[in-house]
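Enquirer: Would you mind keeping the following structure in view while I ask a few things?
Since every read-out is calculated from the coordinates, none of them should be taken as a lab result. No experiment lies behind these values; they were computed from the predicted model shown. Virtual Cβ from ideal backbone geometry, glycine too; neighbours counted across all protein chains shown.
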Amino acid sequence: MATIGDHDLLVAYDDTDAGRRAAEFAAERAAQTGESVTVIHIGSDLSEAEMRDAIEEPFASHGVPVSFRMFDIGGSEDENISIRAKLGGIIDQHDYTMIVMGNEKHSLFHGLTEGSVSGAVIDDQVVPVLLVP
């Protein structure tokens, strides 16, 4: 299995329906482009085995190389700041072509204006971010 950083697409997974759709999109895109994928989950609410069980199938069915990484933010008082810092550090260390993440809010406008994690990631990154509703 490849290690983080050998991949082109980064999927920020959050165990929501939109997060699963983001993983499915990344699997389909990578199958067409030859990109490989790193899926990360930042938080302590999900084990790596649970994450694999939830989203590994689309990658396997498309024959796409994928690695899974877990990062615990350790009960931070401001989860958005901790997630932004962790995700920013990961992206700064590696050469990703795109970040793919789900957006579970009512609309893209709402998600971008209400202090959501996806909105914060868009504000902070120079890498293109694709939000999957």
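Enquirer: I need the phi-derived Karplus couplings for segment 19-31: 6.51 cos²θ - 1.76 cosθ + 1.60, θ = phi - 60°, integer Hz, Gly and Pro marked x.
Expert: Ordered by residue, 3J(HN,Hα) equals x, 5, 5, 5, 5, 4, 4, 4, 4, 5, 5, 4, 5 Hz.
Enquirer: What ranking do V66, V100 get, fewest neighbouring Cβ atoms within 10 angstrom at the top?
Expert: Ascending number of Cβ neighbours within 10 Å: V66, V100.
Enquirer: Given R₀ = 25 Å, what would the calculated FRET efficiency be for S61 paired with V127, taking r from the Cβ atoms and rounding to 0.05?
Expert: 0.40
Enquirer: Can you put F25, F59 in order of Cβ neighbours within 10 angstrom, beginning with the fewest?
Expert: F25, F59
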